[in-house]
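The values are calculated or read from the model by the stated rules, or taken from the named source; none is laboratory data. Fair warning: this is a prediction, and the values are worked out from it, not measured in the lab. Reconstructed Cβ throughout: ideal geometry from the backbone, glycine too, with neighbour counts over all protein chains shown.
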Amino acid sequence: MQRIARRPFLAVLALCLPALTLPAGADEAPAVAPAFTPVSAAEVVEADLLFLRRPVIVFADSPNDPAFVRQMQLLDRYYAQFEARDVILITDTDPANPSSLRKKLRPRGFSLVLMDKDWKPMIRKPLPWEGREIVNSIDKMPIARTEALERNPAGR
């Protein structure tokens with residue numbers, strides 16, 4: 001192999017270095033998209049998210065419910081995968097002030113509900129569920145499969 005001469009290489013690197021630095025006025029922090037976070041059921045308007053987001057709803061009678069705490073821990077490391085699948089993670093831990101979702105789905109105690117983008121319940125679980133299993137179940141849903149084929153038509 002041929003050795004690269006150091007001086008010409010360093011000269012070219014020095015010429016390219018200004019292009020690699022940030023432009024003037026870039027010392028401001030760039031606008032970053034908000035990170036994926038759980039949303040309270042009281043803040044959710046179903047009509048605004050219909051066919052846009054895929055809800056995963058975690059119900060509990062208290063935010064201190066051990067099943068609720070465990071479920072949120074299990075979901076924490078899968079936020080990036082949920083965001084890629086258009087998931088909105090909704091929590092409802094206040095049965096005294098029932099949200100429209102609590103009235104519609106009528107959970108008893110702890111409950112995990114997976115819905116498709118048409119906001120119809122697909123899977124209900126009475127115990128905490130691993131995030132990997134939730135992601136796999138989402139990928140098997142009819143609308144998700146159609147979206148995957150639209151993104152990659154060679155997969156037919």
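Worth pointing out:
- Residues that are exposed (fewer than 14 other Cβ atoms within 10 Å of the Cβ) and touching a Leu at 6+ places or on another chain (Cβ under 8 Å) were ranked within segment 93-123; the one that is nearest to residue 59 (Cα to Cα) is 121.
- In this structure, residue 58 qualifies as at pLDDT 95 or above and either touching a strand residue (DSSP E or B) at 6+ places or on another chain (Cβ under 7 Å) or farther than 20 Å from residue 107 by Cβ (or both).
- For segment 101-156, the set of residues classified as under 24 Å from residue 42 (Cβ atoms) and without any contact (Cβ under 8 Å) to a residue 40 or more places away in the chain consists of 103, 104, 106, 108, 120, 121, 122, 123, 124, 125, 126, listed by residue number.
- Among the residues of segment 99-126, just one is touching a Lys or Arg at 6+ places or on another chain (Cβ under 8 Å) and acidic (Asp, Glu), namely 116.
- The listed residue being within 21 Å of residue 63 (Cα to Cα), aliphatic (A, V, I, L, M), out of contact with any His (no Cβ under 7 Å at 6 or more places or on another chain) and surrounded by 12 or more Cβ atoms within 10 Å (Cβ to Cβ), out of 143, 88, 138: 88
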